[in-house]
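Colleague: Below is the structure I would like to discuss, written out as structure tokens.
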Amino acid sequence: MFEKTGIPSKEMIMEKFPPIERINEGPVAVVECYQKIPCNPCQTACKFNAIIVGEDINNIPEFYPNKCTGCALCLSKCPGLSIIVVDGSKSKDRVEVRLPYEFLPLPEEGQIVKGLDREGEYITDVKVIKVLNPKSFDRTPIITIEVDRRFLYTIRNISVEA
Amino acid sequence: MKQADLVIIGGGPAGLCAALSALKSGSNVLIIERNKDLGGQLRKQTHMFFGSEKQHASLRGIDIPEILLSQLKEYEDKVEILTDSTAVGLYEDGVITVLKKEEDYFKIKPKVTLVATGAFEKALAFPNNDLPGIYGAGAVQTLMNVHGVKPGNKVLMVGAGNIGLIVSYQLMQAGVEVKAILDAAPRIGGYLVHASKVRRMGVPILTSHTVKEAIGKNELEKAIVCQVDEKFMPIEGTEKEFDVDVMCISVGLTPLNELLAMRGCEMKYIPQLGGLVPLRDENYETTVENIFVAGDATGVEEASAAMVEGYLAGLCAAAKIGYKPENFEERRTDYMKQLKDLRSGPAGGHILSGIGQVLIGGKNV
């Protein structure tokens, strides 16, 4: 179905998420790359060797959650915008999620925006914690949102009212 | 008549890289470019590129011409650039005829010619496909990303290849609503990361769908689409209506290489490469000696591959007229490896099978 709709299945998503224990320890990337395409900037971006594509740039990146520091440098480097960072260490009921967002207007810190799933459907309101848009991110801003823990595996996008 | 070492026809990604490669080898280069600016399609690509560092992966296409042009500047005294100039003829005696701004018409006699003319968009036949509001994806990108003009307000994208997916995303970035993306194929043709990107913005992707007709009096008002079966035949009763003022047609590209056909290069129809393409050897030389080719003109592919083909063909074209640097083999091997890397995944399979049919000598690059 993924190849017909662009929506990955629940199983595919779960396979890419690090174990919940790791998520609860602190920020960690989720590398949602499902298809072999010639591309390796994630590996180039990672200073900790947590993402390995290898000699053949068509390989699907292998991700090592225990090497990942959650620095999120890979997020704005991935041409497919396929990487997010999740952090379950901050609270028992909520998680923090960092995602790339290339639309205007950018949300304000503290703003409540709509949280969307992988189909673009509204699932819950989320609070914007941080908006990072330095020159080094090259016009791919990274938004940190705080989300109800129940939506850890479904939240993937936000919608900001103009 | 103007004389030149190497003339490159087309100043897009392939042509610019070919020029840099040949200049690096010591050749003089003359670039003929139809448009006002160099860079070709790179100038419209606001998204980040795939590939690896050597092909500027992760940079945005729009920023690549600047990098290449600043490198070109280092060879200022060895390169001549003719913009607003169209190569209109390529003759048996090697002469190229050029029309500059539709007023100045002149001849150039190069020692070697490299054709990097790119590709053009395929059309789609359906009733009223000539209504204003129905664009090719390239035109939408030119309006939006070069001139900052919105093509309309509500768009139906026809084609879920990389261009259809990317342009849909760019339209949304410009504040234009994309109602749906359709494709007659049963599967999304473009990279799935691009598909997921537009899907999580809420845009449905309808595979096995095509346009039945466009409706509108003076301009596009509605699009009727329907499902198709596995033989691509419309299924009756599956019609859906979309209220749109723009239909963006993105159903693939065809190599633009009439100059090569005119010159007598042996051509072959290869569906995997987008249409009629020249036979060529490993060094990208065609069946006519001293006529080289690179980029989409030799088969439709990504800009990353076009750039590397340019480097390789430029290196070999310069070597052909005596500018063969000491590290020739090293550079040639590196470019070939880069091309192999870009094409060795599942996405490159059909490209390789196409190349296998046009490669003189049969060895795969």
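Colleague: Name the single residue that is farthest from the other protein chains (Cβ to nearest Cβ) among those in the range A:1-34 being open to solvent by less than 40 Å² (accessible area, probe 1.4 Å) and farther than 15 Å from A:Ile83 by Cβ.
Modeller: Narrowing the range A:1-34 to residues open to solvent by less than 40 Å² (accessible area, probe 1.4 Å): A:2, A:5-8, A:13, A:17-18, A:22-23, A:26-33.
From what is left, the residues that are farther than 15 Å from A:Ile83 by Cβ are A:2, A:5-7, A:22, A:26.
Values: A:Phe2: 7, A:Thr5: 6, A:Gly6: 3, A:Ile7: 6, A:Arg22: 23, A:Gly26: 25 Å.
Out of the qualifying residues, it is A:Gly26.
Colleague: Which pairs have Cβ atoms under 7 Å, sit 6 or more apart or on different chains, and link a residue in the range B:30-55 that is assigned by TED's automatic domain parsing to the domain that holds B:Ala318 to one that is open to solvent by less than 40 Å² (accessible area, probe 1.4 Å) and basic (Lys, Arg)?
Modeller: Going by the 7 Å Cβ cut-off, the qualifying pairs are B:Gln45/B:Arg60; B:Thr46/B:Arg60; B:His47/B:Arg60; B:Met48/B:Arg60.
Colleague: Those residues that are at the interface with another protein chain (Cβ under 7 Å from one of its Cβ atoms) and either assigned to a helix (DSSP H, G or I) or of a type in the set (S, T, N, Q) (or both), I need them from the range B:199-208; list them, please.
Modeller: B:Arg199, B:Thr207
Colleague: Let me ask another. Within the range B:118-164, considering only strands (runs of 3 or more DSSP E) that don't extend past its boundaries, which have at least 3 residues that are more than 22 Å from the chain's Cα centre (by Cα)? So that I can check it myself, show each step before the final result.
Modeller: Working: elements: B:119-121, B:134-136, B:154-158.
Ranges flagged: B:154-158.
Colleague: Scan the range B:188-198 and give yes if some residue there is open to solvent by 30 Å² or more (accessible area, probe 1.4 Å) and within 12 Å of another protein chain (Cβ to nearest Cβ), otherwise no.
Modeller: The first filter runs over the range B:188-198 and keeps only residues open to solvent by 30 Å² or more (accessible area, probe 1.4 Å), leaving B:189.
Filter once more, so that each one left must be within 12 Å of another protein chain (Cβ to nearest Cβ): B:189.
Scanning the range B:188-198, I find at least one residue that is open to solvent by 30 Å² or more (accessible area, probe 1.4 Å) and within 12 Å of another protein chain (Cβ to nearest Cβ), so the answer is yes.
Colleague: Got a number for residues in the range B:83-132 being closer than 30 Å to B:Val308 by Cβ, open to solvent by 20 Å² or more (accessible area, probe 1.4 Å) and hydrophobic (A, V, I, L, M, F, W, C)?
Modeller: Number satisfying all stated conditions: 4.
Colleague: Right, another one. Which condition number does A:Tyr64 fail, the rest of (1) surrounded by fewer than 20 Cβ atoms within 10 Å (Cβ to Cβ); (2) within 14 Å of another protein chain (Cβ to nearest Cβ); (3) closer than 25 Å to A:Met12 by Cβ being met?
Modeller: Against the list (1) surrounded by fewer than 20 Cβ atoms within 10 Å (Cβ to Cβ); (2) within 14 Å of another protein chain (Cβ to nearest Cβ); (3) closer than 25 Å to A:Met12 by Cβ, A:Tyr64 comes up short only on (2).
Colleague: Within the range A:67-81, track down each residue that is of a type in the set (A, V, I, L, M) and away from chain B (no Cβ under 12 Å).
Modeller: If the condition is that a residue be of a type in the set (A, V, I, L, M) and away from chain B (no Cβ under 12 Å), then A:Ala72 is the only one that fits.
Colleague: Just checking, which of A:Ile158, A:Ile145, A:Ile123, A:Ile84 is more than 12 Å from chain B (Cβ to nearest Cβ) and either on the phi < 0 side of the Ramachandran plot or not hydroxyl-bearing (Ser, Thr, Tyr) (or both)? Walk me through it before giving the result.
Modeller: Values: A:Ile158 fails: more than 12 Å from chain B (Cβ to nearest Cβ); A:Ile123 fails: more than 12 Å from chain B (Cβ to nearest Cβ); A:Ile84 fails: more than 12 Å from chain B (Cβ to nearest Cβ).
Going through A:Ile158, A:Ile145, A:Ile123, A:Ile84 in turn, the sole match is A:Ile145.
Colleague: Being touching a strand residue (DSSP E or B) at 6+ places or on another chain (Cβ under 6 Å) and assigned to a strand (DSSP E or B) is the filter here, so list the residues in the range B:244-269 that pass it.
Modeller: B:Val246, B:Met247, B:Cys248, B:Ile249, B:Leu253, B:Thr254, B:Pro255, B:Met267, B:Tyr269
Conditions (1) part of a loop (DSSP other than H, G, I, E, B); (2) within 24 Å of B:Arg60 (Cα to Cα); (3) among the small types (Gly, Ala, Ser), marked per residue:
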residue: A:Cys71; (1), (2), (3): yes, yes, no
residue: A:Lys77; (1), (2), (3): yes, yes, no
residue: A:Pro105; (1), (2), (3): yes, yes, no
residue: A:Gly120; (1), (2), (3): yes, no, yes
residue: A:Ile129; (1), (2), (3): no, no, no
residue: A:Thr154; (1), (2), (3): yes, no, no
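Colleague: If you don't mind, there's one more thing I want to ask. Which residue is surrounded by the fewest Cβ atoms within 10 Å (Cβ to Cβ), if the candidates are limited to the range B:47-64 and must be part of a loop (DSSP other than H, G, I, E, B), on the phi < 0 side of the Ramachandran plot and over 15 Å from the mean Cα position of the chain (by Cα)? Break it down stepwise before answering.
Modeller: At the first step, the residues of the range B:47-64 found to be part of a loop (DSSP other than H, G, I, E, B) are B:47, B:49-50, B:52, B:56-59.
Okay, now just the ones that are also on the phi < 0 side of the Ramachandran plot, so B:47, B:49-50, B:52, B:57, B:59.
So of that shortlist, the ones also over 15 Å from the mean Cα position of the chain (by Cα) come out as B:47, B:50, B:52, B:57, B:59.
Working: B:His47: 22, B:Phe50: 26, B:Ser52: 21, B:Ala57: 21, B:Leu59: 19.
Step by step, filter the range B:47-64, then rank; the result is B:Leu59.
Colleague: Working carefully through the options B:Val112, B:Val88, find the one that is more than 14 Å from chain A (Cβ to nearest Cβ), of a type outside the set (Phe, Trp, Tyr), touching a helix residue (DSSP H, G or I) at 6+ places or on another chain (Cβ under 6 Å) and closer than 26 Å to B:Leu273 by Cα.
Modeller: Working: B:Val88 fails: touching a helix residue (DSSP H, G or I) at 6+ places or on another chain (Cβ under 6 Å).
Residue meeting the stated conditions: B:Val112.
Colleague: Determine if the range B:103-116 includes at least one residue that is in a loop (DSSP other than H, G, I, E, B) and farther than 30 Å from B:Glu213 by Cα. Talk me through it step by step, then tell me what you get.
Modeller: Step one: filter the range B:103-116 for residues in a loop (DSSP other than H, G, I, E, B), giving B:103, B:116.
Among the residues that remain, those that are also farther than 30 Å from B:Glu213 by Cα are: B:103, B:116.
Yes, that holds for at least one residue.
Colleague: Working carefully through the options A:Ile57, A:Ile51, find the one that is open to solvent by less than 20 Å² (accessible area, probe 1.4 Å) and more than 8 Å from chain B (Cβ to nearest Cβ).
Modeller: Of A:Ile57, A:Ile51, the one residue that is open to solvent by less than 20 Å² (accessible area, probe 1.4 Å) and more than 8 Å from chain B (Cβ to nearest Cβ) is A:Ile51.
Colleague: Against the condition in contact (Cβ under 8 Å) with a residue 60 or more places away in the chain and aromatic (Phe, Trp, Tyr), how does A:Phe48 come out, does it pass?
Modeller: So A:Phe48 fails the test.
Colleague: What's the number of the only condition in (1) surrounded by fewer than 24 Cβ atoms within 10 Å (Cβ to Cβ); (2) touching a helix residue (DSSP H, G or I) at 6+ places or on another chain (Cβ under 8 Å) that B:Asp243 fails to meet?
Modeller: (2)
Colleague: Identify the single condition in (1) surrounded by fewer than 22 Cβ atoms within 10 Å (Cβ to Cβ); (2) assigned to a helix (DSSP H, G or I); (3) touching a residue at least 60 places away in the same chain (Cβ under 8 Å) that B:Leu171 does not satisfy, given that it satisfies every other one.
Modeller: Tallying (1) surrounded by fewer than 22 Cβ atoms within 10 Å (Cβ to Cβ); (2) assigned to a helix (DSSP H, G or I); (3) touching a residue at least 60 places away in the same chain (Cβ under 8 Å), B:Leu171 fails exactly one: (1).
The values are calculated or read from the model by the stated rules, or taken from the named source; none is laboratory data. Owing to the predicted nature of the structure, the values given are computational and were not obtained by experimental measurement. All Cβ positions, even for glycine, are placed from backbone atoms using ideal geometry, and neighbour counts span all protein chains on display. Ligands, DNA and RNA are excluded from the accessible area calculation, which covers all protein heavy atoms including side chains. Shrake-Rupley method; radii C 1.70, N 1.55, O 1.52, S 1.80 Å.
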